[in-house]
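Below you'll find the structure, written out as structure tokens, and then a few comments.
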Amino acid sequence: MGVKMTGRERFLRVMEYEPVDQVPNWELGIWGQTRERWISEGARPEQIDGDWFSGIDALGFDKREFVPIHMGMIPGFETKVIERTDRYEIIQHGNGIVTKALIDGTVRGTRASMDQYLRFPVENIDDLRDMKKRYDPTNPNRYPQNWRDRIPAWRNRDHVLILGTNACTGFYGVARAWMGTENLSYAFYDQPELCEEMFEFIADFIIEVTTPIVKEVNFDYFNFFEDMACVSGPLMSPASFKKFIFPHYRRTIDHLKKHGVKYVSLDSDGNTEPLIPLFLDMGVDVHWPFERASNMDPNRIKAQYGKQLRIWGGVDKRELTKGHKEIDNALKELAPLVESGGFIPTVDHTFPPDISWDNFCYYMEQKKKLLSGSFGK
């Protein structure tokens, strides 16, 4: 198409499988260690620093605006260092989780290895009921200051407008943060009444918090952050998901769409393929980032679900660690999805430090051709 479109027009048309001048250019971000490497290889800070989700002009990203809704604890737990040595520190975080973390290799807040989780704030139904006190949905601090003054601008935007931050809430994701993966897995069987009450409360909370703002503004999408799978499959069975989470997810999504939220996306790493039919049945429009190391093949899965499923992500970050030829092949593989619509390619997570600055620049150059329909021509 020859007519230049706004970022919002591109997004809406891609989501509806309609022709565009170019597909939106989005990416997720980089590790602290990646930034350190790229600066050493010639990148300038202004080229790569900033909020990658909202858009970095120097990289040619399409702008997205996230309207932050505080869906966490108010107040949080006291953050404190319980123990510190030359090698590690044991910390109670603001979310109530106690972790043991290696100090060596930490760069700009990014640790070289995952923390060891020692304790979580919810172990039983009494803990849950205490936790609810930190989730008053009527607290005015959950909304941006003077947000009502911004309504006219939001209603007349030419960029994508998102309700909440990318990782503001979820169902499994919130429950796992409260209980831990192992404890939550046992709770589905050992404490079903806890799980029922927990997911019902999460839905009630999301609905009540979002109601004042969705009554005033029609948002382009809302994202649920879950990370509910590992490389071999989901961290809970489809049967447990359908029993405990699905009904509350469904009524929450029904509420959002009833009030003008155009699309709902669900973010989870790992292999979520067994859950995709349930995601679609409960009203999810988009699933991402399609982690390729977990056998999430966007071509294969898209062929199965057709236009009902939109996909973001799908670029294998492992291929970007290799040569230019491998990068071209990775993008060529996704060209049919870009052409057919309903797909926005990004790397399937943040950029790790084994990707060179040269490879990143080449990837971005070739990806822009892919987005505009000129790749390989």
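The values are calculated or read from the model by the stated rules, or taken from the named source; none is laboratory data. This structure is a prediction, so every number in the text was calculated from the model and none was measured. For neighbour counting, all protein chains shown are included, and Cβ atoms are generated from backbone atoms with ideal geometry for every residue, glycine included.
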From Asp86, Asp104, Asp158, residue being in the same structural domain as Phe205 (by TED's automatic domain parsing), surrounded by fewer than 16 Cβ atoms within 10 Å (Cβ to Cβ) and not in a strand (DSSP E or B)
Asp158
How many residues of the range 335-363 are of a type outside the set (Ser, Thr, Tyr), under 26 Å from Leu309 (Cα atoms) and more than 21 Å from the chain's Cα centre (by Cα)? The answer is 3
Considering the range 332-343 alone, what residues qualify as being touching a strand residue (DSSP E or B) at 6+ places or on another chain (Cβ under 7 Å) and closer than 23 Å to Asp358 by Cβ?
Leu334
Being touching a helix residue (DSSP H, G or I) at 6+ places or on another chain (Cβ under 7 Å) and in the same structural domain as Trp357 (by TED's automatic domain parsing) narrows Lys133, Lys63 down to just Lys63
Could you tell me whether any residue of the range 124-132 is at positive phi and not aliphatic (A, V, I, L, M)?
no
Any residue at all in the range 303-311 that's under 22 Å from Asp57 (Cα atoms), surrounded by fewer than 17 Cβ atoms within 10 Å (Cβ to Cβ), assigned by TED's automatic domain parsing to the domain that holds Leu266 and of a type in the set (A, V, I, L, M, F, W, C)?
no
Residue satisfying condition, being of a type in the set (S, T, N, Q) and out of contact with any His (no Cβ under 9 Å at 6 or more places or on another chain), within set Thr79, Thr99, Thr34
Thr34
Using the structure shown, decide if Met228 is in contact (Cβ under 8 Å) with a residue 12 or more places away in the chain, over 18 Å from Ile276 (Cα atoms) and not charged (D, E, K, R).
no
Which of the residues spanning the range 174-197 are outside any helix (DSSP H, G or I) and farther than 22 Å from Phe225 by Cβ?
Gln191
Answer yes if at least one residue in the range 123-140 is surrounded by 12 or more Cβ atoms within 10 Å (Cβ to Cβ), modelled with pLDDT of 95 or more and in contact with a strand residue (DSSP E or B) (Cβ under 8 Å, 6 or more places away or on another chain), and no otherwise.
no
Of the conditions (1) closer than 21 Å to Tyr221 by Cβ; (2) in contact with a Phe, Trp or Tyr (Cβ under 7 Å, 6 or more places away or on another chain); (3) exposed (fewer than 14 other Cβ atoms within 10 Å of the Cβ), the single one that Glu27 does not satisfy is (3)
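Every residue, every condition in (1) free of Cβ contacts under 8 Å to residues at least 12 places away in the same chain; (2) touching an Asp or Glu at 6+ places or on another chain (Cβ under 6 Å); (3) crowded, with 22+ Cβ neighbours inside 10 Å, yes or no:
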site: Ala175; (1), (2), (3): no, no, yes
site: Glu182; (1), (2), (3): yes, no, no
site: Glu193; (1), (2), (3): no, no, no
site: Glu197; (1), (2), (3): no, no, no
site: Ile202; (1), (2), (3): no, no, yes
The number of residues in the range 207-239 that are more than 19 Å from the chain's Cα centre (by Cα) and farther than 13 Å from Phe171 by Cα is 14
